[in-house]
Structures are given as C-alpha cells and as structure tokens.
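Engineer: Handing you a structure now.
Every number in this text was worked out from the coordinates using simple rules, so none of it is lab data. Here the structure is a predicted model, which is why all the values come from computation and not from measurement. Here the Cβ positions follow ideal geometry from the backbone for every residue, glycine too, while neighbour counts run over all protein chains shown.
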Amino acid sequence: MQPTKSDSRRRLNAGSSSQPAPDYIKVVESVSETDGFINEQWVEPALPRPVPWKTIVIILTLFCGGITCITFATLDWLTDTGRERSDRVWALTIIGTLTIIPGGYYVYVLSCILLNRSGFTMDDIRRLG
C-alpha cells in the first residue's frame with residue numbers, strides 16, 4: 001500500500017509480500033500513531049519580509065540608464081551628418097541595450113507586484129546586497 005500525501009508522516013508497517021510474517025499486525029488508519037509532526041510546522045510563517053530597496057534602486061538605475069543611452073545614441077545618430085561619430089553611436093546602443101533588457105524585465109515584475117497580480121511576489125526579485 002502506497003501512503004498518500006496525508007499519510008506520508010505516519011508509521012505504517014512496511015510489508016509488501018503476499019504472505020505476511022506471523023508477527024505481522026495490520027495497521028488500521030484510525031489506530032495508527034503519528035510521529036509527532038503536524039502540517040502547520042511545514043508552512044512558512046506569514047511574516048512581512050523587508051522590502052529590498054537596494055535591489056529596486058539598482059533595477060530602476062539599469063532601466064533609466066538603458067533608456068538614456070539609447071536616447072543619446074539615437075540623437076547622436078540623427079545629428080551626425082558626416083558619420084564621424086559612428087563608434088560612439090554603436091557603443092551607446094550596445095551599452096543601452098545591455099542595461100535596458102534586465103532593467104525592463106525587472107521593472108515589469110515590480111509593476112506586477114505593485115498591481116497585486118497573481119503569481120508575482122517579492123521572491124521573484126533577486127536580492128542584490
């Protein structure tokens with residue numbers, strides 16, 4: 001007999017042979033004794049966790065820095081008629097892209113947490129520091 005999820009912490013006789021041993025005693029579920037564990041001790045307490053302000057500041061810095069780099073790269077590209085500063089445009093575009101991707105993802109997760117959407121908790125954000 002396979003124990004069910006609710007019976008997983010009960011002590012049951014482990015006899016799987018077809019012929020029980022002579023000293024085998026069949027355990028009835030109502031008579032079986034528990035081992036002292038209760039389900040409530042496995043549930044995490046509902047204590048409010050501290051808000052990770054340092055991580056939120058890093059996320060917003062990445063997002064705003066990425067937007068700023070891409071904006072200046074676009075302005076440089078539009079105003080550079082002689083194509084003298086194309087190396088700056090590429091550098092700003094690459095740096096802006098590398099910072100806006102993780103920043104944008106975590107800004108989306110933060111906004112879903114603030115809007116109380118189901119499936120999003122503060123545990124979805126890594127602690128940075």
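Engineer: Just to be sure I understand the model, the point goes 7 Å from the Cα along the line to the Cβ. What's the resulting residue 60 to residue 111 distance in nm?
Structural biologist: 1.5 nm
Engineer: Between the range 37-88 and the range 91-129, what is the separation of their alpha carbon centroids in Å?
Structural biologist: 6 Å
Engineer: Just round it to a whole percent: the fraction of Cα-Cα distances in the range 53-124 exceeding 17 Å.
Structural biologist: When every Cα pair of the range 53-124 is considered, 52 percent fall beyond 17 Å.
Engineer: Suppose a student asked you for the relative contact order of the range 53-124, using Cα pairs under 8 Å spaced at least 6 residues apart; what percent would you report?
Structural biologist: After rounding, I find 39 percent.
Engineer: Now a separate question. Describe numerically, in nm with one decimal, the distance between label points set 7 Å from Cα along Cα→Cβ at residue 51 and at residue 71.
Structural biologist: My value for the distance between the label points is 2.5 nm.
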